[in-house]
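The values are calculated or read from the model by the stated rules, or taken from the named source; none is laboratory data. No experiment lies behind these values; they were computed from the predicted model shown. Cβ sites come from the backbone with ideal geometry, for glycine too, and all protein chains shown count toward neighbours.
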Protein chains: 2
Amino acid sequence: MNFLEERIVKDGIVKPGNVLKVDSFLNHQMDVALLDEIGREFKRRFADKKITKVLTIEASGIAIAYPVAREFGVPLVFAKKSKSINIEGEMYVAEVESFTHKNKNKVIVSKRFLGPDDHLLIIDDFLANGCALQGLITIAESAGATVEGLGIAIEKGFQIGGRVIRNFGYRLESLAIVDAMDVETGEITFRAQD
Amino acid sequence: MNFLEERIVKDGIVKPGNVLKVDSFLNHQMDVALLDEIGREFKRRFADKKITKVLTIEASGIAIAYPVAREFGVPLVFAKKSKSINIEGEMYVAEVESFTHKNKNKVIVSKRFLGPDDHLLIIDDFLANGCALQGLITIAESAGATVEGLGIAIEKGFQIGGRVIRNFGYRLESLAIVDAMDVETGEITFRAQD
């Protein structure tokens, strides 16, 4: 097990409905030292790529993307989930449906911050059905930017998102892929990775 | 001028309706090196305080709070603006009205992550009317935690939020206090600080 898998086993909680709670260290209360280690790991995995910007989506994605952008020494851009009156002018827009919240959101990024010269590393904390990631990819493609790769902290391997994105030919790296969870015993089965 | 004031003059844009756009470096696209410097500056200003957790509110607050939590070596907790089905059990709740978005939000933090032993530094990117900060203070008080201070990147000094919070006796440090903005000339007047 890698450092993130070990932490999930230690502090993650399996709940009914295939819910994995990691809110004590990843997406409500955050262990910054762990996140810094996640940043270093993504830098290692995408060291062969020339990245110009890290793209993520609010809110918890920001805390994963921050140390990644820091490692690459590039700006962080986060997509917003609703139109703000402080965002004006032309925007890239994609509509995504949240698996967690069961609602549709418009995901937006200002056109001033993504363009054809950008080589993007897309980062998020969770990948389940992949709707948020698909929205970010759509926005990147709309901008004419190059998606160099996608980095996820925790992928639910028993849901379809990861397969879809890999099938489209994108390089997707998930630090922990959960293939099964047992709500009775709390046991979590990770996919073996190189 | 300090480093943040200089950056606001360089890249901030004054818009009608007392809007200061800093979305190219602070709250949409983010300059991680600048944010790291903000983290170091808050560590310097609150060096006399024993901080156990940094508390902020999604979304852009997370990117300011991250380097602050990193400097203090403590966890980051961010309040969420709407009830998520992944958050269960008892929560601290405060209702806040957004000046920017003109709507009311319930701000929530799980009771598992704040308690009477906590000494909090509350961080956010913007302070205008202060509703979000008041919500965070309410949550901290509900938890029985001690609010050691509040750190803001940009305060709109011509709006009421900062005065209210200081009047309540809280120690509020804003790295840049904008006392006036001229939409015709783009000129920004900062309050002199020690």
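Can you confirm whether A:GLY61 is within 16 Å of B:GLN29 (Cβ to Cβ) and surrounded by fewer than 19 Cβ atoms within 10 Å (Cβ to Cβ)? Taking the combined requirement at face value, the residue does not satisfy it. I need a count of the residues in the stretch A:123-151 that are touching a Ser or Thr at 6+ places or on another chain (Cβ under 7 Å) and either closer than 15 Å to A:LEU76 by Cα or of a type outside the set (A, V, I, L, M) (or both). Total satisfying the criteria: 4.
The number of residues in the stretch B:148-171 that are within 15 Å of B:PHE42 (Cα to Cα) and buried (at least 22 other Cβ atoms within 10 Å of the Cβ) comes to 6. Among the candidates B:LEU127, B:LEU121, the residue that is modelled with pLDDT of 95 or more and within 14 Å of chain A (Cβ to nearest Cβ) is uniquely B:LEU121.
Give, as residue ranges, the strands (runs of 3 or more DSSP E) completely inside the stretch B:132-192 that count at least 2 residues that are touching a Pro at 6+ places or on another chain (Cβ under 6 Å) and more than 22 Å from B:ILE38 (Cα to Cα). Don't jump to the end; show me each part of the working.
Working: elements: B:146-156, B:172-181, B:188-190.
Strands (runs of 3 or more DSSP E) meeting the threshold: none at all.
A:ALA94 meets all of the listed conditions (1) closer than 20 Å to A:ILE154 by Cβ; (2) buried (at least 19 other Cβ atoms within 10 Å of the Cβ) but one, namely (1). In the stretch B:175-194, the residues that are of a type in the set (Gly, Ala, Ser) form Cβ pairs under 7 Å with partners that are in a loop (DSSP other than H, G, I, E, B), at six or more places apart or across chains, as follows: B:ALA180/B:PHE158.
Residue count for the stretch A:25-38 satisfying the condition of being crowded, with 22+ Cβ neighbours inside 10 Å and of a type in the set (A, V, I, L, M, F, W, C): 5.
Within the stretch B:39-58, restricting attention to residues that are of a type in the set (Val, Ile, Thr) and in contact with a helix residue (DSSP H, G or I) (Cβ under 6 Å, 6 or more places away or on another chain), which residue is surrounded by the fewest Cβ atoms within 10 Å (Cβ to Cβ)? Step through it out loud before you land on a result.
Restricting attention to the stretch B:39-58, the residues satisfying the condition of being of a type in the set (Val, Ile, Thr) are B:51-52, B:54, B:56-57.
Still in the list and also in contact with a helix residue (DSSP H, G or I) (Cβ under 6 Å, 6 or more places away or on another chain): B:51, B:54, B:56-57.
On the way: B:ILE51: 22, B:VAL54: 29, B:THR56: 26, B:ILE57: 27.
Restricting to residues being of a type in the set (Val, Ile, Thr) and in contact with a helix residue (DSSP H, G or I) (Cβ under 6 Å, 6 or more places away or on another chain), the top hit is B:ILE51.
Pairs linking a residue in the stretch A:98-114 that is within 10 Å of chain B (Cβ to nearest Cβ) and assigned to a strand (DSSP E or B) to a residue that is crowded, with 17+ Cβ neighbours inside 10 Å and at pLDDT 95 or above, with Cβ atoms under 7 Å and 6 or more positions apart or on different chains, are A:ILE108/A:ALA79; A:VAL109/A:VAL77; A:VAL109/A:ALA79; A:VAL109/A:ILE139; A:SER110/B:ASP23; A:SER110/B:HIS28. Among the residues of the stretch A:64-73, those identified as farther than 22 Å from A:CYS131 by Cα and either among the polar types (S, T, N, Q) or surrounded by 24 or more Cβ atoms within 10 Å (Cβ to Cβ) (or both) are A:PRO67, A:ALA69.
When B:ASP11 is tested against (1) touching a Ser or Thr at 6+ places or on another chain (Cβ under 6 Å); (2) free of Cβ contacts under 8 Å to residues at least 24 places away in the same chain; (3) surrounded by 20 or more Cβ atoms within 10 Å (Cβ to Cβ); (4) of a type outside the set (A, V, I, L, M), only condition (3) is not met.
For residues in the stretch A:49-74 being among the hydroxyl-bearing types (Ser, Thr, Tyr) and within 11 Å of the chain's Cα centre (by Cα), which is nearest to the other protein chains (Cβ to nearest Cβ)? Out of the qualifying residues, it is A:SER60.
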